[in-house]
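Undergrad: Below are the structure tokens for one structure; questions will follow.
FYI, it's all coordinate maths here, none of it is from the lab. For clarity, every value in this text was computed on a predicted model and none was experimentally measured. Here the Cβ is made from the backbone with ideal geometry for all residues, glycine too, and neighbour counts use every protein chain on show.
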Amino acid sequence: MKKLGALITLFFVFTMGFAQGNSGKILPSVNVKTITGESFNTSAINNDGNPVIISFWALWCHPCIKELTTIADVYEDWQEETGVKLYAISIDDARSTAKVGPLVNGKGWDYEVLLDPNGDFKRAMNVNMIPHTFVLDGKGKIVWQHTSFSEGAELDLIEIIRKVKKGEDVSSH
């Protein structure tokens, strides 16, 4: 039992330290695809000075789909209040990417959906677990990130977005 506790503690410390590793960095330049198959370079992710959410997800990840569906219910309000824009990055492999569009349309997600079937952007962003959500400030710098999703986590996320919009520090959140 002590070994399990030690492993959990080690995992938590590693994950938290890892999560802080990208803070303050600008997005890497990686070519991915749009949902319609066009090439898109991740350095073009921006939102005219407003906050950006980047959420890595996959079809097989139930917490990912729950997170994006939960946010979809309040996304229009969030956009009105803060101007935030969400990019949902599917890490599904090439065999599965054809299923991404139908799921997105069926869920009514009004996000920018990008496909990363080779995992190049995922690796460049040090994403090991999904869902993995990043928040960028208006200048495109990563200011916050989080892995996992649970009920109510969207309330924490909008608080982060509000602070970022106001130019407040979110590193301690």
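Undergrad: For A88, which of the numbered conditions (1) in a loop (DSSP other than H, G, I, E, B); (2) touching an Asp or Glu at 6+ places or on another chain (Cβ under 9 Å); (3) crowded, with 17+ Cβ neighbours inside 10 Å; (4) of a type outside the set (V, I, T) fails to hold?
TA: (1)
Undergrad: Looking at region 62-70, can you tell me whether even one residue there is in a loop (DSSP other than H, G, I, E, B) and either touching a Phe, Trp or Tyr at 6+ places or on another chain (Cβ under 6 Å) or surrounded by fewer than 21 Cβ atoms within 10 Å (Cβ to Cβ) (or both)?
TA: Checked against the condition, which is being in a loop (DSSP other than H, G, I, E, B) and either touching a Phe, Trp or Tyr at 6+ places or on another chain (Cβ under 6 Å) or surrounded by fewer than 21 Cβ atoms within 10 Å (Cβ to Cβ) (or both), region 62-70 yields no hits at all.
Undergrad: Going through region 120-173 one residue at a time, which ones are acidic (D, E) and loosely packed, with under 14 Cβ neighbours inside 10 Å?
TA: Correct list: E151, D156, E159, E168, D169.
Undergrad: If you scan region 135-163, which residues turn out to be in a helix (DSSP H, G or I), touching a helix residue (DSSP H, G or I) at 6+ places or on another chain (Cβ under 8 Å) and among the aliphatic types (A, V, I, L, M)?
TA: Correct list: A153, L157, I158, I161.
Undergrad: While we're on this one: Look through region 64-85, keep the residues that are charged (D, E, K, R) and touching a residue at least 12 places away in the same chain (Cβ under 8 Å), and return whichever of them is farthest from P131 (Cα to Cα).
TA: E81
Undergrad: Pick out the one residue from V100, V127 that is more than 16 Å from T69 (Cβ to Cβ) and in contact (Cβ under 8 Å) with a residue 12 or more places away in the chain.
TA: V127 is the lone residue from the list that is more than 16 Å from T69 (Cβ to Cβ) and in contact (Cβ under 8 Å) with a residue 12 or more places away in the chain.
Undergrad: Okay, moving on. Among the residues of region 104-118, is there at least one that is assigned to a strand (DSSP E or B) and under 16 Å from T69 (Cβ atoms)?
TA: Yes, because at least one residue in region 104-118 is assigned to a strand (DSSP E or B) and under 16 Å from T69 (Cβ atoms).
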